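**Q** Before anything else, here's the structure in question.
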Amino acid sequence: MAVRVKDFHVTGNLVDDPKEIEAGDRMLTVFDLAENTRVFDRESNEWRNGAPNYFAVAVEDPRMAENIRESLQKGQRVTVAGTMSAQAYVTSQGQPGLENRIWADEVSPSLKWAVAQVSPDAQAQNRGPRAEQSFHQAPASQQMNGATADRQQQPQQEAPVQQDYTTWTAAQPGSGGMHGAGR
């Protein structure tokens with residue numbers, strides 16, 4: 001049984017550079033995100049790095065997808081907001097696993113660990129001076145919607161085996177990406 005959560009937010013590091021793939025009759029930009037966790041060890045009375053959570057993220061909106069591919073790269077910290085689904089599975093070796101997928105509505109760089117220069121994309125610039133003026137007059141909350149960061153700095157963990165993105169072809173935005181996903 002798959003679990004679906006709308007309005008899901010997660011902050012983590014890109015495992016690889018975002019890439020464009022063909023998924024059936026549409027193009028998607030996809031990337032894997034690693035969310036590092038911290039756990040308290042009562043025996044040593046210290047915080048330690050826990051096991052990371054991994055998310056496969058897909059973006060269908062062509063404009064946002066292009067901006068992501070041009071702006072982000074492996075290792076950068078981002079916040080993703082969208083519809084997340086989690087589905088349990090068993091590998092061919094009999095090991096249980098959990099597949100987490102997010103159809104992203106927003107992807108924002110974390111400004112806790114990096115500096116960003118925000119500027120309108122090519123489509124906004126092609127609309128002329130009024131579009132550029134309205135961009136610069138928009139409240140900061142609209143310009144950087146969703147840019148939040150974790151409060152703890154954690155090291156990058158080793159990534160899992162690369163996922164097979166062919167199951168994105170059967171998914172629909174808002175479905176959590178799991179409809180028709182076969183193993």
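**Q** With the structure loaded, tell me whether ASP16 is without any contact (Cβ under 8 Å) to a residue 40 or more places away in the chain, open to solvent by 10 Å² or more (accessible area, probe 1.4 Å) and among the charged types (D, E, K, R) or whether it fails that test.
**A** Against the criterion (without any contact (Cβ under 8 Å) to a residue 40 or more places away in the chain, open to solvent by 10 Å² or more (accessible area, probe 1.4 Å) and among the charged types (D, E, K, R)), ASP16 does not qualify.
**Q** Which residue, of VAL10, VAL39, is touching a residue at least 12 places away in the same chain (Cβ under 8 Å) and either surrounded by 12 or more Cβ atoms within 10 Å (Cβ to Cβ) or outside any helix (DSSP H, G or I) (or both)? Break it down into steps so the answer makes sense when it comes.
**A** Values: VAL39 fails: touching a residue at least 12 places away in the same chain (Cβ under 8 Å).
Answer to the check: VAL10.
**Q** Another one. Restricting attention to the stretch 75-88, does a residue exist that is under 23 Å from LYS6 (Cβ atoms), open to solvent by 40 Å² or more (accessible area, probe 1.4 Å) and modelled with pLDDT under 95?
**A** There is at least one residue in the stretch 75-88 that is under 23 Å from LYS6 (Cβ atoms), open to solvent by 40 Å² or more (accessible area, probe 1.4 Å) and modelled with pLDDT under 95.
**Q** Given the criterion open to solvent by 50 Å² or more (accessible area, probe 1.4 Å), closer than 17 Å to ASP121 by Cβ and touching a Leu at 6+ places or on another chain (Cβ under 7 Å), identify the matching residue among GLU106, GLU70, GLU66, GLU60.
**A** Of the residues listed, the single one that is open to solvent by 50 Å² or more (accessible area, probe 1.4 Å), closer than 17 Å to ASP121 by Cβ and touching a Leu at 6+ places or on another chain (Cβ under 7 Å) is GLU60.
The values are calculated or read from the model by the stated rules, or taken from the named source; none is laboratory data. Everything numeric in this text was worked out from a predicted model, so none of it was measured. No Cβ is skipped: glycine too gets one built from the backbone with ideal geometry, and neighbour counts run over all protein chains shown. Side chains are part of the model used for accessible areas, which takes the heavy atoms of the whole protein and leaves out ligands, DNA and RNA. Shrake-Rupley method; radii C 1.70, N 1.55, O 1.52, S 1.80 Å.
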